[in-house]
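Comments concern the structure below.
The values are calculated or read from the model by the stated rules, or taken from the named source; none is laboratory data. Just so it is clear, the structure is predicted and the values come from calculations on it, not from any experiment. With ideal geometry, Cβ positions are generated from the backbone for all residues, glycine too; neighbour counts draw on all protein chains shown.
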Amino acid sequence: MSAGRTGTAPGEKPEAAPHSAPDATPDAKAAWEGAYRAAIYRVLLHDGALDLRIGLADPAADDRLWSVLHARHWALVTACNPRSRPLDDDENRQRQMELQQALATHRQPWHDAVHVDPAGQWPDEPSCLLIDPPLELPETLGRQFDQHAIVRGAQGAAPQLIWLTTSDKTGD
């Protein structure tokens with residue numbers, strides 16, 4: 001999950017975000033929380049895109065996630081742009097394939113998703129929506145792929161931002 005610019009040519013490395021990407025410290029939360037909360041978390045369902053937002057309960061989204069994916073709870077994890085440091089398209093594609101291989105190893109059902117910066121300053125990031133994952137798996141994978149945070153959701157509850165890089169692991 002990250003924030004920045006769009007329009008990156010294939011193979012071109014995106015420009016740095018407006019402020020430098022912090023390491024895994026409480027400063028990362030301060031630097032990136034606004035961008036992560038503003039992001040649109042788009043699930044690419046066969047019947048059209050479904051947009052999820054941090055802190056916004058959406059009964060219609062819950063209904064679609066249930067009717068299409070039978071998801072009682074879910075998590076969004078990406079392998080792209082670790083620690084919000086922009087990588088080129090090829091590196092991100094390779095990392096995302098490695099995440100998908102890890103999901104296959106865990107026999108974890110997932111569905112395509114993408115993280116979108118509504119301001120258009122950061123390229124869209126491919127992601128995986130994990131369907132009814134074991135409790136620790138999303139955080140484990142997020143840490144394995146050097147992410148600052150993941151998103152968790154459940155039927156009847158607003159999606160939560162879960163920080164992986166600070167002592168504050170609580171969501172929304």
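Pick out the one residue from Asp112, Asp172, Asp168 that is touching a strand residue (DSSP E or B) at 6+ places or on another chain (Cβ under 6 Å) and at pLDDT below 95. Can you show your working first?
Numbers: Asp112 fails: at pLDDT below 95; Asp168 fails: touching a strand residue (DSSP E or B) at 6+ places or on another chain (Cβ under 6 Å).
One residue alone meets the criteria, Asp172.
Just a yes or no: is a residue in the stretch 137-155 among the hydroxyl-bearing types (Ser, Thr, Tyr) and at pLDDT 95 or above?
Taking every residue of the stretch 137-155 in turn, at least one turns out to be among the hydroxyl-bearing types (Ser, Thr, Tyr) and at pLDDT 95 or above.
Taking the stretch 59-82 on its own, how many of its residues are over 12 Å from Pro109 (Cβ atoms) and small (Gly, Ala, Ser)?
So the count comes out to 4.
For Ala57, are the conditions met, namely being in a loop (DSSP other than H, G, I, E, B), touching a Gly at 6+ places or on another chain (Cβ under 9 Å) and of a type in the set (A, V, I, L, M)? Before you say what the answer is, go through the steps one by one.
Working: in a loop (DSSP other than H, G, I, E, B): yes; touching a Gly at 6+ places or on another chain (Cβ under 9 Å): yes; of a type in the set (A, V, I, L, M): yes.
It is true that Ala57 is in a loop (DSSP other than H, G, I, E, B), touching a Gly at 6+ places or on another chain (Cβ under 9 Å) and of a type in the set (A, V, I, L, M).
Quick test for you: out of Ala79, Ala71, pick the one residue that is assigned to a loop (DSSP other than H, G, I, E, B), under 18 Å from Gly48 (Cα atoms) and in contact with a helix residue (DSSP H, G or I) (Cβ under 7 Å, 6 or more places away or on another chain). Explain how you work it out, then say what you get.
Details: Ala79 fails: under 18 Å from Gly48 (Cα atoms).
Just one listed residue meets the conditions, Ala71.
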